[in-house]
1. Would you pick out the residues in segment 68-86 that are within 22 Å of Pro30 (Cβ to Cβ) and either touching a Ser or Thr at 6+ places or on another chain (Cβ under 9 Å) or not in a helix (DSSP H, G or I) (or both)?
2. Restricting the search to segment 46-65, which residues are assigned to a loop (DSSP other than H, G, I, E, B), without any contact (Cβ under 8 Å) to a residue 60 or more places away in the chain and among the small types (Gly, Ala, Ser)?
3. How about segment 9-26: which of its residues are under 12 Å from Ile218 (Cβ atoms) and either surrounded by 16 or more Cβ atoms within 10 Å (Cβ to Cβ) or among the polar types (S, T, N, Q) (or both)?
4. Look at segment 1-45 and say how many of its residues are in a strand (DSSP E or B) and not hydroxyl-bearing (Ser, Thr, Tyr).
5. Taking only segment 117-132 into account, find how many residues are surrounded by 19 or more Cβ atoms within 10 Å (Cβ to Cβ) and part of a helix (DSSP H, G or I).
6. Name the residue that is nearest to Pro95 (Cα to Cα), counting only residues in segment 123-145 that are modelled with pLDDT of 95 or more and among the basic types (Lys, Arg).
7. Could you name every one of the strands (runs of 3 or more DSSP E) located completely within segment 175-230 that has at least 2 residues being crowded, with 21+ Cβ neighbours inside 10 Å and in contact (Cβ under 8 Å) with a residue 24 or more places away in the chain?
8. (1) surrounded by 14 or more Cβ atoms within 10 Å (Cβ to Cβ); (2) under 16 Å from the mean Cα position of the chain (by Cα); (3) within 22 Å of Gln79 (Cα to Cα): which one isn't true of Asn29, the others all being true?
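The values are calculated or read from the model by the stated rules, or taken from the named source; none is laboratory data. The shown structure was predicted, so the numbers you read here are calculated from the model rather than taken from an experiment. In this analysis, Cβ positions are derived from the backbone assuming ideal geometry, glycine residues included, and neighbour counts consider all displayed protein chains.
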Amino acid sequence: MIIFQNVSKIYNGNGHQVAALEDVSFTINPKEFVSLVGKSGAGKSTIVKLLIAEEKPTKGRVIFSSYDINKLKHHELPQLRRHIGVIFQDFRLLPNKTAFENVAFALEVAGRPQSDIEEFVPQALEMVGLKDKMFNFPKELSGGEKQRVAIARAMINHPDVIVADEPTGNLDPINTLEIIKLLLKINELGTTVILATHNKEIVNYINRRVISLENGRIIRDEEKGKYILV
């Protein structure tokens with residue numbers, strides 16, 4: 001379970017304060033699929049950063065399972081992040097590693113043995129439809145293929161939650177739909193999915209819970225929501 005309890009995040013810059021989030025509260029239950037929507041600067045990425053403990057809240061509490069993000073010590077971060085797979089808009093693949101090696105890297109960092117790598121990496125790449133391209137480098141892959149490698153990497157440690165921050169921002173409509181179908185499939189297999197996006201068509205296609213943000217505040221939280229432009 002994920003709980004944001006009266007969370008505010010204030011950034012200090014050039015002598016003045018900017019509120020990225022103001023008094024934000026919500027709960028996400030296991031196995032939910034939730035879209036965080038809003039214009040650029042609405043606070044979506046700040047929520048993602050707080051969830052993966054890249055930032056800590058200025059006020060309020062962020063709780064993920066048994067972890068209190070506010071009280072998390074630096075040495076506990078890798079343990080927390082094993083439970084959360086993150087997918088970014090810009091893929092963040094290592095250019096000098098093949099698709100196989102990019103996915104394997106997540107297992108290596110977690111200290112998993114070579115036998116696990118040889119067994120699980122091909123399975124993950126097969127799940128995203130890229131088993132035939134496992135030895136291709138990122139420069140040899142299309143944008144949609146790169147994002148599917150990133151999804152395989154995010155899933156390889158069997159996280160409880162997948163957080164996708166604008167994962168289709170650099171993709172055409174056909175690849176966008178493929179990535180969204182893949183996220184829905186992952187969710188059906190029991191993983192919680194949190195999707196941050198400003199793509200109206202995606203949100204309306206998914207037809208699941210929608211949390212709408214504007215100027216760092218939640219303005220709407222609907223169980224089967226649409227992206228209503230404000």
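1. Asp68, Leu72, Leu80, Arg82, His83, Ile84, Gly85, Val86
2. In the first step, residues of segment 46-65 are kept if they are assigned to a loop (DSSP other than H, G, I, E, B); the result is 52-58, 65.
Still in the list and also without any contact (Cβ under 8 Å) to a residue 60 or more places away in the chain: 53-58.
The answer is Ala53, and nothing else.
3. Our first condition is that a residue be under 12 Å from Ile218 (Cβ atoms); within segment 9-26, this holds for 21-26.
Matches in segment 9-26: Leu21, Glu22, Val24, Ser25, Phe26.
4. First, the residues of segment 1-45 that are in a strand (DSSP E or B): 2-13, 16-28, 33-37.
This time we only want the ones that are not hydroxyl-bearing (Ser, Thr, Tyr), so: 2-7, 9-10, 12-13, 16-24, 26, 28, 33-34, 36-37.
Residues meeting the conditions: 25.
5. 5
6. So the residue we want is Lys139.
7. Numbers: elements: 192-197, 209-214, 217-222.
Per the criteria, 192-197, 209-214.
8. With respect to (1) surrounded by 14 or more Cβ atoms within 10 Å (Cβ to Cβ); (2) under 16 Å from the mean Cα position of the chain (by Cα); (3) within 22 Å of Gln79 (Cα to Cα), Asn29 is out only on (1).
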